[in-house]
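Structure first, then comments.
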Amino acid sequence: MFSGGSLLYGSVGRPDLLGPDHTHELVDHQYRSAHLLAGLPDSAGVYPTHGFGSFCSALQSAATASTIGDEKRANPVLTQSQHQFVDQLLSGLDAWPAYYAHMGPANSTGRAAPDLGAPERADAEQIRKRLADGEWVVDLRHRVAFAAGHVAGTLNFGLDGSFATYLGWLIPWGAPLTLLAETPDQVAEAQRELIRIGIGIDHRPTPSGSPRTGPATIDSSLTRAPRSPISLRSATTGR
């Protein structure tokens, strides 16, 4: 049974992602939906859209497989009364990434593919100006390489971790963004991840024929960091 977000392993999908005005209504619907699914045979496999570690899950579970019978024995939505379930779920919800608020409209309108054209080598003077203008300049290298030397004022969101989740969580929505990396492939990987959460450049023309910018503008023409970041840092800071 493909349960979507209605029934997860040991949990259910979050009911608060559409905002507080809908939370109580959705958690009641969530409870009723789960009990409808519980009418399936106990041997039926459960295949949800979210698993361990997803911010879309109301509770966390380490399970990697489950059946309807397993969920009936262990999932709070099927073992508690509706009142108990609602109170416990709503009191235990943590913060969710800020970009979630923008994903609904982005999914409705659709996003264009990112511009994966070859980036140019980063120029210290341009980076200094962008930082002075308040732009987010993000260094994609591993944190060890970043700690060894980086452009003063840049921020490190390495591609080796949950890059898009944490950058999307922290960057002000609509802020201009420049990516710094060691290779064009790293830049392209970052752009693909960001476009999935609604951050990127929409190249579809507006009625006037001009480009339509997305929620945040990624400059793909200034994205390659030099392999000697310490010398670039010195040039950027004027040392």
Q) For the stretch 90-99, does any single residue satisfy the condition of being among the aromatic types (Phe, Trp, Tyr) and touching a Lys or Arg at 6+ places or on another chain (Cβ under 9 Å)? A) yes
Q) Got a number for residues in the stretch 67-86 being surrounded by 13 or more Cβ atoms within 10 Å (Cβ to Cβ) and closer than 20 Å to Leu26 by Cβ? A) 9
**Q.** Matching residues, the stretch 103-119, being surrounded by 14 or more Cβ atoms within 10 Å (Cβ to Cβ) and out of contact with any helix residue (DSSP H, G or I) (no Cβ under 9 Å at 6 or more places or on another chain)
**A.** Met103, Ala106
Q. If Arg143 passes every condition in (1) more than 18 Å from Tyr166 (Cβ to Cβ); (2) in contact (Cβ under 8 Å) with a residue 12 or more places away in the chain but one, which one does it miss?
A. (1)
Q) Which of the residues belonging to the stretch 7-25 are buried (at least 18 other Cβ atoms within 10 Å of the Cβ) and either without any contact (Cβ under 8 Å) to a residue 60 or more places away in the chain or assigned to a strand (DSSP E or B) (or both)? A) Leu8, Ser11, Gly13
Q: Among the residues of the stretch 127-144, count how many are buried (at least 17 other Cβ atoms within 10 Å of the Cβ) and either more than 19 Å from the chain's Cα centre (by Cα) or part of a helix (DSSP H, G or I) (or both).
A: 5
Q) Out of the stretch 167-185, which residues are in contact with a strand residue (DSSP E or B) (Cβ under 9 Å, 6 or more places away or on another chain), surrounded by 17 or more Cβ atoms within 10 Å (Cβ to Cβ) and small (Gly, Ala, Ser)? A) Ala181
(Q) Need the failing condition index for Leu37 against (1) surrounded by 13 or more Cβ atoms within 10 Å (Cβ to Cβ); (2) closer than 21 Å to Asp94 by Cα; (3) at pLDDT 90 or above, just the number. (A) (2)
Q) Is one or more of the residues making up the stretch 148-163 out of contact with any strand residue (DSSP E or B) (no Cβ under 9 Å at 6 or more places or on another chain), in a helix (DSSP H, G or I) and charged (D, E, K, R)? A) no
Q: Being in contact (Cβ under 8 Å) with a residue 40 or more places away in the chain and in contact with an Asp or Glu (Cβ under 9 Å, 6 or more places away or on another chain) is the filter; apply it to the stretch 147-164 and report the residue that is surrounded by the most Cβ atoms within 10 Å (Cβ to Cβ).
A: Val151
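The values are calculated or read from the model by the stated rules, or taken from the named source; none is laboratory data. Fair warning: this is a prediction, and the values are worked out from it, not measured in the lab. Ideal geometry is used to build each Cβ from the backbone, glycine not excepted, and the neighbour counts take in all protein chains shown.
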